[in-house]
Each structure stands twice: as structure tokens, then as C-alpha cells.
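Here is the structure we will look at.
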């Protein structure tokens, strides 16, 4: 069996120890550990990387303190609009959804788009209709509601600002996972609720294949942060291209990629893994919820810089 590896993130941004109570930190660490173990269980049994990243992201979507699935942020109209994507590096097939409003786990719907349609990205009413037709698990919109997300919207509306979720001095953001399985196959998945008080149908990098989510036979990557910058830099594909065309190691390519993002004013980070099971988790923000496991089975979780 080849070297297996799994990494996850729960978002990057203004994450300070001073803003975190011991109880809240314990909750976040517990959620990250649960997500790691969900994906690791797949890999340890010889399962594919694609199943592992889906399992990890579903676990993170179900945890109400992350900005994905249950607990997602509210738009200006007081609604939840969710985005997700998944990509299989072994064949470069991908699926994504945007503006999903009634699906319990958007990452599962993204996989169904990949496997059951000839398309890559479905959005809005079309994505919701597809979810109904395909038999995805649907929920009432109240499922997503949490008090602190609603208060976050009220504060943003009162201040007349669009709040980038990762920039809030609170622990919350996009989630994602990358994995390398025993056959050296790679996969990536990402899910998000977007930004608080957003208008105009904004879509960030999560659902854009090659920007916030990407995988091929060289590496797999999932991004978090200020999505507009990740889209402009096509960050996921950029990392893979540095490895493919410059012959760089994952670590060196990751360093160049995060430095390039920083040079244009982008804030955030990403997780990535290569086909040898090497893992990197760079970020340029004050913190990033992150965890990883490698063949030895050592589980590692970090939050702050």
C-alpha cells in the first residue's frame, strides 16, 4: 500500500486566540478531529480519495460553527446560498453547485453533478431542481439557521457593509479536504456558505474548478479566504502548473503560490497533497483551522499561526 494522506481546513482569516474561549476551541478541535477520522477511515480501508474527501467535508458541513452546510452565513435578503465542488484527480472529472438553497450536504450534490450529468457546474433554481430529481437529501431552510449567523447579518446590515466571512474577528469560514489514497489517486472537495450580507448573485472561488478547488494526478488543492483573489490567480491550477511545468516539489510550489497570492493583496490559505502523500497547509492570514493525517496515523490539528 502506498502512502495515504488527508488534510482538511475549516477556513482561514482573522482567527485570534484572544477571541476564542476554551470551550469554543474545544468544539472546533473536536469537529476537525471528527472530520479527519471520517475521511481517514475510508483511506485506511483502502478506499478512494474521492470518497475520503466527501466524507470529511460532509462532516464539516454538518458542524454548525463552520460556514458551510448547517450554520452558513446569510445573504442581504436573509437567505442561505451554498456553493460546493469536488474533483477526482485520477480522471479530472469534477462537479460543482452554486446558490443551493435546500440541500443538506452541497458537496454530495456536487458529486452527483459530476457522476450523473454531462456538466460541471449547476447553479440556482436549476441546481435545486436537479437535487429534487436526483433524490438528494433536502432540508427546510430553517435547518441552516443559527443565532450567531443571524446576528452577524444584522451587524453587517447596520454597518452597511458586505462582510467577508473570513475577515470577521470570529472563528468561521469555508471548509475543504484533500486526500491521497493507497493507489496514489488524488481528490479535492470544498464547501461554503459564501459571505455575509452578499448581494447581486456573487459566487466565490469554491465552486470554480481550478480556482478554489482542483485535483489532477500531480496534486489536489482546496482553498479558503478572499475568493475573488483566488479566482483571479486561478490558484488551484496555478499550484499544479508550477509542479508540472517547473518541476517543483509540492512545498516549493505552495510557497510560490501563497507568495503570489499575498503580492496581489489576497488573504487566506489552502491545503494540498501530492501523489506521494506529502501535505502542505500554507496561509497568510492570522490563522487557519486545519488538520492532517499521514500513513503513520498521527492526527494533527492547528488553529493559530
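The ranking of 242, 202, 111 by Cβ neighbour count inside 10 Å, starting from the fewest, reads 202, 242, 111.
For the stretch 228-305, a/c is not less than 1.5, where a ≥ b ≥ c are the root eigenvalues of the C-alpha gyration tensor, and a/b does not top b/c. That puts it in the oblate class. Spacing of the modelled spin labels on residue 16 and residue 284, each 7 Å from Cα toward Cβ, amounts to 2.1 nm.
Going from the fewest other Cβ atoms within 10 Å to the most, the residues 120, 113, 175 appear in the order 120, 113, 175. Per residue, the average separation of C-alpha pairs within less than 8 Å and at least 6 apart gives the chain a relative contact order of 27 percent.
In terms of Cα atoms, the Rg and Dmax of the chain work out to 17.4, 56 Å. Each DSSP beta bridge with both residues in the chain is either parallel or antiparallel, and the antiparallel ones are about 95%.
The fraction of all Cα pairs in the stretch 173-225 landing in successive 5 Å bins from 0 to the largest distance is 4, 21, 26, 19, 13, 8, 5, 2, 1, given as whole percents.
Modelled spin labels at residue 155 and residue 24, positioned 7 Å past Cα toward Cβ, are 0.9 nm from each other.
Summary of the geometry: the stretch 232-271 and the stretch 52-120, compared by the centres of their Cα atoms, lie 24 Å apart. Largest mean-square fluctuation among 24, 288, 243, in a Gaussian network model of the chain whose springs join Cα atoms under 10 Å apart, belongs to 24. How big is D, in µm² s⁻¹, for the stretch 50-192 by Stokes-Einstein at 10 °C and 1.306 mPa s if Rh is the Kirkwood radius over C-alpha pairs? The calculation lands on 103 µm²/s. Could you give P(r) for the stretch 1-119, binned at 5 Å from zero, as whole percent values over all Cα-Cα pairs? Going out from 0 Å in 5 Å bins, the stretch 1-119 shows 2, 11, 18, 20, 19, 15, 9, 4, 2, 0, 0 percent. Each residue, residue 91 and residue 3, gets one label point 7 Å from its Cα in the Cβ direction; the gap between the two is 2.8 nm. Between residue 255 and residue 79, full extension at 0.36 nm per residue minus the direct alpha carbon distance yields a gain of 59.6 nm. Of all DSSP beta bridges confined to the stretch 128-267, the antiparallel ones make up roughly 90%.
Each value in this text was obtained by applying a stated rule to the coordinates, not by laboratory testing. Remember, it's a predicted structure, so these values are computed and weren't measured experimentally. For neighbour counting, all protein chains shown are included, and Cβ atoms are generated from backbone atoms with ideal geometry for every residue, glycine included.
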